[in-house]
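One structure is given here, and the rest of the page talks about it.
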Amino acid sequence: MWWIVGTCANLVIALAYLAIAAAIVVPLARERQVRSNRLGAATAAIFLTCAVHHGGHSVRALLPFLHSWQTLGFSVSTGIYTRLAWDAQAVVWDLLTAGVGLYYLSLRRTYAPLMRGAKLFEDMRERQRQALEINDNIVQGLAAAQMALALGEVAQSEAALTETLGAARRIITDLLGDVETQTALTPGDLRRVAPSTLTAS
């Protein structure tokens with residue numbers, strides 16, 4: 001019957017979503033970022049509430065078998081109506097949702113280093129740190145090279161450019177290093193959104 005498949009599917013959804021919520025919030029709590037990393041906390045809350053919602057469907061469908069729950073005021077008719085609400089279309093969507101939840105959990109093993117707590121939901125402090133590093137090591141280096149060239153100090157300008165290029169390579173290596181160790185880049189993965197505006201002089 002459809003309600004049996006729907007009940008099982010919703011149990012799988014509830015368990016999968018609970019596991020996802022825990023996988024998100026536990027590292028955030030360990031790093032004390034539950035309050036500061038609002039995107040991560042909100043995402044965990046979405047999965048948690050969805051888990052409770054789908055788990056509730058399964059519990060209501062099983063009420064006719066849960067005699068101890070009936071003594072707590074839960075009506076058997078609620079379980080019967082819940083069973084009747086499941087049709088082929090509803091069950092198909094529940095099965096798809098369960099499949100997506102399990103697929104997401106399987107991806108966490110493949111991309112584990114990229115999906116741990118704060119790394120999955122990078123906060124603004126990390127972006128600001130990267131922006132400051134780029135400014136200090138690249139923008140200021142280029143400005144120094146341009147100023148030296150304007151003053152006719154070619155050797156000093158070339159030295160500044162060499163140092164800036166080295167700093168740029170180090171920054172790019174740091175940004176892409178963790179990704180390359182876990183997922184191999186293929187041709188076209190790092191394609192530019194817009195063409196370069198630099199022109200040869």
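None of the figures in this text is laboratory data; all of them are computed from the coordinates on show. Predicted, not measured: the structure shown is a model, and the values here were computed from it. Here the Cβ positions follow ideal geometry from the backbone for every residue, glycine too, while neighbour counts run over all protein chains shown.
For the range 130-179, what is the Kirkwood estimate of the hydrodynamic radius, computed as the reciprocal of the mean inverse distance between distinct Cα atoms, to one decimal in Å? Intermediate results must be reported in sequence, preceding the final value.
Details: mean 1/r = 0.0890 Å⁻¹.
For the range 130-179, inverting the mean 1/r across all distinct Cα pairs yields 11.2 Å.
I need the peptides 137-146, 42-51 ranked by packing, meaning the mean over residues of other C-beta atoms within 10 angstrom, with the highest value on top.
Packing order, densest peptide first, comes out as 42-51, 137-146.
Between Arg35 and Glu158, what FRET efficiency follows from the Cβ-Cβ distance if R0 is 35 Å, with the result rounded to 0.05? Don't skip to the end; give the middle numbers.
On the way: r = 49 Å, r/R0 = 1.40.
It comes out at approximately 0.10.
I'd like the FRET efficiency for Ala90 and Ala42, computed as 1/(1 + (r/R0)^6) with the beta carbon distance as r and R0 of 35 Å, rounded to 0.05.
Taking R0 as 35 Å, the efficiency between Ala90 and Ala42 is 0.80.
Figure the gain on full extension for Leu165 and Tyr81 (residue separation times 0.36 nm, minus the Cα-Cα span) and round it to one decimal in nm.
Full extension of this stretch gives 23.4 nm more.
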